[in-house]
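Quick notes on the structure that follows.
The values are calculated or read from the model by the stated rules, or taken from the named source; none is laboratory data. This is a predicted model, so every value here is computed, not measured. Every residue, glycine as well, gets a Cβ built from its backbone with ideal geometry; the counts of neighbours run over all protein chains shown. Side chains are part of the model used for accessible areas, which takes the heavy atoms of the whole protein and leaves out ligands, DNA and RNA. Shrake-Rupley method; radii C 1.70, N 1.55, O 1.52, S 1.80 Å.
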Amino acid sequence: MRVITGDRFEAFADEKAILFPEYRKNRDELIDFVDSLSGEETVVTASLELIDLIAWKFRRGEENVLIYSDTGKSLTMKEVYELRKYLDFDVRGGFSGEKARSSVLFVEGKTDSKFFKAVFKKLFEFKESREAPYSLRFIERVFERDNFDLLKREEDEYYIAVLPSEGNSGVIRNLGNFLRAMDVFDFTVERLGVAIDIDEDRDAALASITGKLSGFRHRKTPHGYLVGRTEVVPLIIGLPFGDEVIEWKKPTVEDLMLHLIAREGLLERIKPGLKALNESLGRKLKPKEVMYLALSAYGHWGNLEGFYELFVIRSRFRNLKAVLREAGLMESLAYLAGRERGR
């Protein structure tokens with residue numbers, strides 16, 4: 001199966017190609033059309049809905065590809081399916097807009113996303129933006145779904161997009177697919193952050209990143225790895241937290257929050273409640289359980305993501321910086337924010 005999209009499709013479509021007229025087609029008609037395909041066809045289309053249906057049906061097999069005719073390069077249907085499912089990436093290409101310095105940070109989930117979003121706002125003078133530059137235009141259409149956070153620093157017009165994934169494996173998957181998409185659709189971000197938990201150990205976490213990069217030409221840099229014009233910057237999360245009533249098992253972004261609420265004095269305020277609950281349950285409390293108790297004590301009646309963002313924003317600069325430095329993240333975050341030393 002070949003799907004051809006972009007403005008220069010004539011160069012890749014032979015006389016047997018199906019120029020599918022999407023205009024006025026309802027979903028049932030699209031489904032019927034895709035059901036009729038055997039996998040030997042070439043389909044020319046600018047319909048995301050049709051591409052989604054074809055990608056789902058033909059997501060297996062290296063021979064099933066989408067060709068972006070503007071560059072002549074291709075993605076496998078598996079890559080198309082994952083870009084659409086996990087990033088809502090507009091695989092029709094044709095991005096437009098201003099050229100601007102930009103970074104992307106892939107994180108594990110929505111709580112991680114709100115934590116790091118707040119860090120960029122608090123420490124590096126970013127504000128939320130609804131305007132995307134050329135390099136981030138692929139996410140513009142999904143702002144209303146609250147899947148992504150797009151930030152801009154007005155003084156130097158630097159952009160950062162924070163994108164949640166689905167766990168460590170999701171971050172690594174999105175890293176590979178995004179690097180492929182930049183090559184095929186001919187755009188680039190200056191820096192690409194990859195935030196994952198240590199889990200077993202730091203070396204294993206780094207190995208998962210370098211393993212994915214092995215499929216690309218890359219070289220080591222002081223901050224990470226250069227792939228084409230993009231620097232991949234690992235952020236390995238792991239800051240153990242010791243406490244008599246809290247059960248710490250493995251590193252997560254909750255560890256950073258535990259250290260922050262401790263430095264801000266909130267943990268001490270809720271300690272009597274934690275001990276009482278500890279005795280009542282007959283076990284130590286998980287970090288996320290502590291976070292929910294802290295949320296309630298703080299007087300925030302929203303969700304956990306909202307609490308993370310609000311608490312980070314309202315925390316003291318020195319406390320937040322101290323936690324990030326102790327976790328070994330401060331320098332990499334500054335680099336992603338375009339605030340490395342000397343700039």
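Among the residues of the stretch 296-315, those that are modelled with pLDDT under 90, hydrophobic (A, V, I, L, M, F, W, C) and in a helix (DSSP H, G or I) comprise ALA297, LEU304. Is it the case, given these coordinates, that PHE9 is of a type outside the set (Asp, Glu), closer than 30 Å to ALA161 by Cβ and either surrounded by fewer than 16 Cβ atoms within 10 Å (Cβ to Cβ) or within 28 Å of the chain's Cα centre (by Cα) (or both)? No; evaluated as a whole, the condition is false for this residue. Which one is modelled with the lowest pLDDT among residues in the stretch 49-74 that are in a helix (DSSP H, G or I) and open to solvent by 20 Å² or more (accessible area, probe 1.4 Å)? Only one residue fits best here, namely GLU49. Take the conditions of a type in the set (D, E, K, R) and touching a helix residue (DSSP H, G or I) at 6+ places or on another chain (Cβ under 8 Å) and apply them to LYS152. Does it pass? No; evaluated as a whole, the condition is false for this residue. In the stretch 75-102, the residues that are at pLDDT below 95 and open to solvent by 20 Å² or more (accessible area, probe 1.4 Å) reach residues that are β-branched (Val, Ile, Thr) and part of a loop (DSSP other than H, G, I, E, B) with C-beta atoms within less than 9 angstrom, at least six apart or across chains, in these pairs: ARG84/VAL91; ARG92/THR45; ARG101/VAL189.
Taken over the stretch 215-257, the criterion of being of a type in the set (Val, Ile, Thr) and in contact (Cβ under 8 Å) with a residue 40 or more places away in the chain is satisfied by VAL227, THR230, VAL232, VAL233, ILE236, ILE237, VAL245, ILE246, THR252, VAL253.
Hey, does the stretch 275-289 have a residue that's among the hydroxyl-bearing types (Ser, Thr, Tyr), under 23 Å from ALA195 (Cα atoms) and either in a helix (DSSP H, G or I) or open to solvent by less than 70 Å² (accessible area, probe 1.4 Å) (or both)?
no
Can you work out which of the residues in the stretch 196-233 that are acidic (Asp, Glu) and surrounded by 13 or more Cβ atoms within 10 Å (Cβ to Cβ) is nearest to GLU254 (Cα to Cα)? If we take residues in the stretch 196-233 being acidic (Asp, Glu) and surrounded by 13 or more Cβ atoms within 10 Å (Cβ to Cβ), then ASP197 is nearest to GLU254 (Cα to Cα). Just one of the listed residues (PHE120, PHE115, PHE106) is closer than 26 Å to TYR159 by Cα, buried (at least 18 other Cβ atoms within 10 Å of the Cβ) and in contact with a Pro (Cβ under 9 Å, 6 or more places away or on another chain), and it is PHE106.
Per-residue answers, yes or no, for (1) surrounded by fewer than 19 Cβ atoms within 10 Å (Cβ to Cβ); (2) closer than 20 Å to GLY109 by Cα; (3) among the hydroxyl-bearing types (Ser, Thr, Tyr):
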position	(1), (2), (3)
LEU235	no, yes, no
PHE241	yes, no, no
PRO251	no, yes, no
ARG269	yes, no, no
TYR298	yes, no, yes
